[in-house]
1. List every residue whose amide H lies under 5 Å from the amide H of T13, counting only residues 5 or more places away in sequence or on a different chain, with H placed 1.01 Å from N in the peptide plane.
2. Helix 207-217 versus the longest principal axis of the chain: what angle, 0 to 90°, nearest 10, using Cα atoms?
3. Taking the Cβ of L309 as the center, what net charge do the other residues with Cβ under 13 Å away carry, scoring Lys and Arg +1 and Asp and Glu -1?
4. Which residues does the label zone of E86 cover in the stretch 309-339, counting backbone N under 13 Å from a point 7 Å along Cα→Cβ?
5. Divide, for the stretch 14-115, the radius of gyration over alpha carbons by 2.2 N^0.38 Å, where N is the residue count.
6. What's the FRET efficiency of I250 with S380 using the Cβ-Cβ distance as r and R₀ = 45 Å, to the nearest 0.05?
7. Work out the length of the dipole vector of the chain about its Cα centre, built from +1 on the beta-carbon of each Lys and Arg and -1 on the beta-carbon of each Asp and Glu, and round it to the nearest 20 debye.
8. May I ask you to list the residues of the stretch 86-115 whose amide nitrogen lies under 18 Å from a point 7 Å from Cα along the Cα→beta-carbon direction of I56?
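Just so it is clear, none of the values below were taken in a lab; they were calculated from the coordinates. Given the structure is predicted, the values throughout are model-derived calculations rather than measurements. Cβ: placed from backbone, ideal geometry, glycine included. Neighbour counts: every protein chain shown.
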Amino acid sequence: MLKILNDTGQIHTQYGRKTLGILLFQDIAVIPLLLMITIFSANSSSISELLKETAISASIVLILLFVIGKYLLNRVLLTVVKTDSEETFMATILFLVIGVSYLAHAFGFTYSLGAFIAGMMIAETKFKYQIEADLIPFRDLLLGLFFITVGLQINFSTLKEYWFEILAIAIGVMVVKALVIYFIIRWHSSRRVALETALSIAQMGEFSLAVFELARANKILPDSLAQLLVMAVVASMLITPLILRHVKRIADKFTPISSYDEYKIVSSKIKNHIVVCGYGKLGQEVVYRLKKRKIPYLVIEHDIALVQLGRSRNEPVFFGNASHQSILKAASVENALALIVAIHNEHKMRLVCEAIKSYKPETNVVVRVADFEEKKLMESLNVGYIVNEGRETAKALLSKALECSIENPKN
């Protein structure tokens, strides 16, 4: 859903923002649902005793994770980053997620809840953009695996026998959900915005698959009913792209359009700024001159020691590898005036330029080259603005020398 909204540019409209808010709320609502399944499936005769045990376990887990996330996680990640090993950094993140998931499971909760909390902990660190970039390959791989497992759960004999019931459940839930959302949004928005939001968010969420599977595993739902519900979720997911592609046309048939309904909310991201890749000596000099001219800027640096140096100077220096497109997106490169590559390593410089041209080809990229070979390499990458360090240095030296000869002529 978010991909379609981003691709069509509707994510910044009134209904797009409300849709995003409800999606986030649905994800948060999964936590009490998972907790309730854990409570209902526990072998205990006393509800009060069960609630007491659950409250104690939840308190211990949350306090432990709060202490770890608040006082230890940043220090551990900082130590790992200083090793300058991407493999060690990635292994630490994966073990963190697995460890938190296992901790939650050990106290009687689900692995999914633990993974969700681990994500919240990581989001509070200053390494979150780099972590997100490093996890993208895993996300895409596991997302594909997720849909494969969903497809494997479908029993075609059950589908053939109960297709009407499955379709009725899917449509019934979507209609009820759309009506509830419509009347809630209608309190503070126009009819059109409420209708577009309700149509966009009507499908069953993908987390319902995890909820149904957990309920089935804990004998709360019978296998036959769980199978019908899973196929109903899949049916609603298949219908959703069709609705999203034609949501405007559907809304046009029922409600008139106004300028307010189509008004796009301005993003809070930085605009008309300069992105500097690298905070070495050259990058620091560029930042100094940008500050003198009062030009907004931000810096992307992969060396944690230089990041700490920049932060100690109250500079907007962010830890990340600029060769990852997600890092460039977080730096709002698409809204930048230009991007300056102040990196001395030829290999890293090439990777950054390739990533920029792949992500946003029209970006104004300024690159420093040391020699003719580097210049030819940058020209092959179609980099628009190349500054030859040797040539410019020679010009500056000659200019100063000539100034000296004029001021102090030798007869």
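1. HN-HN under 5 Å from T13: I265.
2. The angle comes out near 50 degrees.
3. Working: positive: K281, R311, R313; negative: E301, D303, E315.
Net local charge, L309 excluded: 0.
4. The answer is 320-327, whose backbone nitrogens lie closer than 13 Å to the label point.
5. Values: Rg = 17.5 Å, N = 102, 2.2 N^0.38 = 12.8 Å.
In units of the 2.2 N^0.38 Å rule of thumb, it is 1.37.
6. Working: r = 49 Å, r/R0 = 1.08.
Calculated value: 0.40.
7. Details: 44 positive and 36 negative charges, 278 e Å.
Dipole size: approximately 1340 debye.
8. Under cut-off, by backbone N: 104-109.
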